[in-house]
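Okay, structure first, notes after.
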Amino acid sequence: MLTRKQRELLQFLIERLEADGVCPSFDEMKDALNLRSKSGVHRLISGLEERGFLRRLPHRARALEVVKRPEDLGEAPVRPTPPPFEPTVIEGRFGPALTGVTPPIEAQSVSLPLYGRIAAGTAIEALRDPNTSIAVPAALLGRGEHYALEVQGDSMIEAGILDGDTVIIQRSDTADTGAIVVALVDDGEVTLKRLRRKGASIALEPANKAYETRIFGPDRIKVQGRLVGLLRRY
């Protein structure tokens, strides 16, 4: 059984998805349902997920899929199936430099979740917002799962990482000594530092002489990913 607001939100999503194929933003959902904050939208979406009516699509911004409908909302209209794509191929030996054709931006980039600001100076808790994403050049990514974080602070400037930069992180719970990692300290602080192993201890080393290296026991540090790329706006 759905609540009135859950039913209103589901109806709104269905209408928008059928009209233009794009999921509305959380602000648009909030205004459409006359809610005071986006937290109310989050609660309604979670309730619809639990009841099997909605599904979130991972690593995509504003991506919700209507899995089923209440009986009184009826079935979705049947859309005609487009004809199969049959490209015309001209055979020849054309290298990238000779064709003069640049791939579209969509083919060059991947949308990654942007989890918030991470301290590169004093450790702070990362602000995780899975509804925010950023387009990242596909060439920066390797295998596995990735996410992005915005850098706050200047403790890694000698490694070329500046305040306000966006770092691309490959999710991993291990890293070689010398790697720049996202480290969780005492299950409460998240920081970006170079990892050094010293016997049974782990050192988190800044790249700025104004900061000191911090040394911890192995049970106090959890690696959450390693740096694989960096974006900067000028």
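Calculate, for Leu17 and Ser172, the FRET efficiency according to 1/(1 + (r/R0)^6) with r their C-beta to C-beta distance and R0 22 Å; round to the nearest 0.05.
Given R0 = 22 Å and the Cβ-Cβ separation, E is 0.05.
Mind scanning Lys5/Lys38; Lys38/Lys68; Lys5/Lys30 and naming the pairs with a C-alpha gap bigger than 20 Å?
Long pairs (Cα-Cα over 20 Å): Lys38/Lys68.
Taking a ≥ b ≥ c as the square roots of the Cα gyration tensor eigenvalues, with a/c under 1.5 meaning rounded and otherwise prolate when a/b beats b/c, else oblate, which class fits the stretch 124-234?
Prolate.
Hey, how many Å between the Cα centroid of the stretch 215-234 and the Cα centroid of the stretch 130-172?
10 Å
List the GluC sites (Glu not before Pro) within the stretch 1-67 that DSSP assigns to loop and that have no more than 11 neighbouring Cβ atoms inside 10 Å.
Taking the stretch 1-67 and a limit of 11 other Cβ atoms within 10 Å, no loop GluC sites (Glu not before Pro) are found.
With every protein chain left in place, what is the accessible area per residue of the stretch 140-182 in square angstrom, probe 1.4 Å?
44 Å²
Give the whole-number value, in cubic angstrom per residue, of the convex hull volume spanned by the C-alpha atoms of the stretch 1-46.
Normalising the Cα hull of the stretch 1-46 by residue number yields 69 Å³.
Given Cβ point charges of +1 (Lys, Arg) and -1 (Asp, Glu) and nothing else, what value in debye, to the nearest 20, does the dipole of the stretch 178-234 about its Cα centre take?
340 debye
So how exposed is Ile221, as accessible area in Å² (1.4 Å probe, rounded to 10)?
My reading of the accessible area for Ile221 is about 20 Å².
Sorting Lys209, Lys38 by accessible area (1.4 Å probe), largest first, what list results?
Largest accessible area first, the list is Lys209, Lys38.
Protein chains only, probe 1.4 Å: how do Met1, Met156 rank by accessible area, largest first?
Ranking Met1, Met156 by accessible area, largest first, yields Met1, Met156.
Please name which of Gly160, Leu184, Ile202 has its Cα lying farthest along the dipole of the stretch 156-221 towards the positive end, using unit charges on Cβ (Lys, Arg +1; Asp, Glu -1) and the Cα centre as origin.
Ile202
The values are calculated or read from the model by the stated rules, or taken from the named source; none is laboratory data. Since we're looking at a predicted model, the values are computed, not measured. Note: ideal-geometry Cβ built from the backbone for every residue, glycine included; neighbour counts use all protein chains shown. For accessibility, only protein heavy atoms count, side chains too; no ligands or nucleic acids. Shrake-Rupley method; radii C 1.70, N 1.55, O 1.52, S 1.80 Å.
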